[in-house]
Each structure stands twice: as structure tokens, then as C-alpha cells.
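One structure coming up, written as C-alpha cells, with questions to follow.
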Amino acid sequence: MPLNFLKPTYTVESVYNLSVAELKDQGVKAVLTDLDNTLLAWNNPNGTPELHAWLKELKAAGIEVVVVSNNTWDRVEKAVSGLDVDYVAWSLKPMPRGILKVLKKQGLQKEDVLMVGDQMLTDVWAAHLAGVKSVLVKQLVESDMWQTWFNRSLEKLAKKLIYSQKHPLIWHATFKEAVSARENDKN
């Protein structure tokens, strides 16, 4: 398929559905995550109690969370200031620059990380180019910042070309379900 570079490794309803146990079971040592509409809703800059609990659980388990965002340094620093996570701004996704920077800085192997995001044209494509597994999640809120409108339009077209009635896009409630579905697809 010509658009395989936009097809995520896994699809999960929310970043918060990536549990510590399931991540550890897959050997994940770090979760790289987009910021807007993946980790934080643009209209809820402090995050939800669910986000804070998820971050605390991952940190306690030794799983690092690093924000990889296309936003400016000031914007990302302000957004993550209360989250106690590292970050890379101006990552220029879909280029793999931000992901590769994190791998090098943290001494991580490609197979040890997941890139999580709500956009195929930036997050998933960047993960493919960096050689890491990707997790596409539903956007936290339906509205976006104005800059994202064009990508969302292209993404709708890409989804129609990649997915079909025979092979639909399926959102999984847990990471374990997503991993299992991928294994079944391989067989």
C-alpha cells in the first residue's frame, strides 16, 4: 500500500489507556507523546486528574514520558511546566528530528519507545521515519488550533485510502488489545 508510512503500528482510544503493565509487557521504556490534543486538550492547559495520575504511574514504574511537539519552546515549556516531563519543541514532525534527538539524549533504543499522537501526517509519519513504533490516539477534543485544520483535512482523505469496510480503522480500549490485534493481522 502506498500510504503505509501513515498507518500507525497501534490504535488506542487515548494515551491514558497505555497502562504501565501493558507497556512493560511490551518492553517499552519511554513514551514519546505529542502535546496538543494527545496529552493535553488545547482548552484545558493544566491537564486532567487522569493525566496527572497516568504520568505519576509511569514515572513510578520507571517509564519516561517525553513530549515531542512542533510548537515553540515557550509554548511547550509553559504547557508542560506542571507535568514534570522532559520535552522537545520545534521537532518539525513529520521529520524524525525530535524523536531521534530524544533517543540519542536518553540513550534509548528504537525498540524501547513508542511515539504517541493524534495525527497521522505528523506523529505517525515521524515515527515511521525514525524507525519507532507509533500509537495513534483519538484527539482529546474535536476542535483544534487553526494551524491543524489542513492536516486534519488531508488525514481524512488518507484514512479513506488506507482503511476500508473490509479493513476498518479500529480504536482499541487498551494497549494490550491493540498489540493482540496487530499480532492477529500478521497471521
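The values are calculated or read from the model by the stated rules, or taken from the named source; none is laboratory data. None of these values were measured; they are calculated from a predicted model. As a convention, Cβ positions derive from the backbone with ideal geometry for all residues, glycine included, and neighbour counts pool all protein chains shown. Side chains are part of the model used for accessible areas, which takes the heavy atoms of the whole protein and leaves out ligands, DNA and RNA. Shrake-Rupley method; radii C 1.70, N 1.55, O 1.52, S 1.80 Å.
Multiply the residue gap between W42 and K138 by 0.36 nm, knock off their C-alpha separation, and tell me the result in nm, one decimal place.
Working: separation 96, 0.36 × 96 = 34.56 nm, distance 1.41 nm.
Length gained, W42 through K138: 33.1 nm.
Taking a point 7 angstrom from the Cα of W90 along the C-beta vector, which residues in segment 1-35 have backbone N less than 19 Å away?
The answer is 35.
Run the quick spin-label model on E111 and A173: label points 7 Å from Cα toward the beta carbon, then report their separation in nm to one decimal.
According to this spin-label approximation, the distance is 3.2 nm.
Please sort 48-59, 16-27 by packing, taking for each peptide the average over its residues of neighbouring beta carbons within 10 angstrom, highest first.
Packing order, densest peptide first, comes out as 16-27, 48-59.
If you don't mind, there's one more thing I want to ask. Compute the relative contact order of the chain as a whole-number percentage, counting only Cα pairs closer than 8 Å that sit 6 or more residues apart in sequence. Walk me through the numbers on the way to the answer.
Values: 316 pairs, mean separation 60.8, N = 187.
Averaging sequence separation for qualifying contacts and normalising by length gives 33 percent for the chain.
Can you check how the C-alpha radius of gyration of segment 13-95 compares to 2.2 N^0.38 Å, as a plain ratio?
1.05
When only alpha-carbon atoms are used, what values of Rg and Dmax, in angstrom, describe segment 67-148?
For segment 67-148, the Cα radius of gyration and maximum Cα-Cα distance read 12.5, 36 Å.
Quantify, in whole percent, the carbon and sulfur part of the accessible surface of the chain (1.4 Å probe; protein heavy atoms only).
Carbon plus sulfur share of accessible area: 55 percent.
Excluding ligands, DNA and RNA, what is the solvent-accessible area per residue of the chain at a probe of 1.4 Å, expressed in Å²?
Details: 9950 Å² over 187 residues.
With the other protein chains kept in place, the chain gives 53 Å² per residue.
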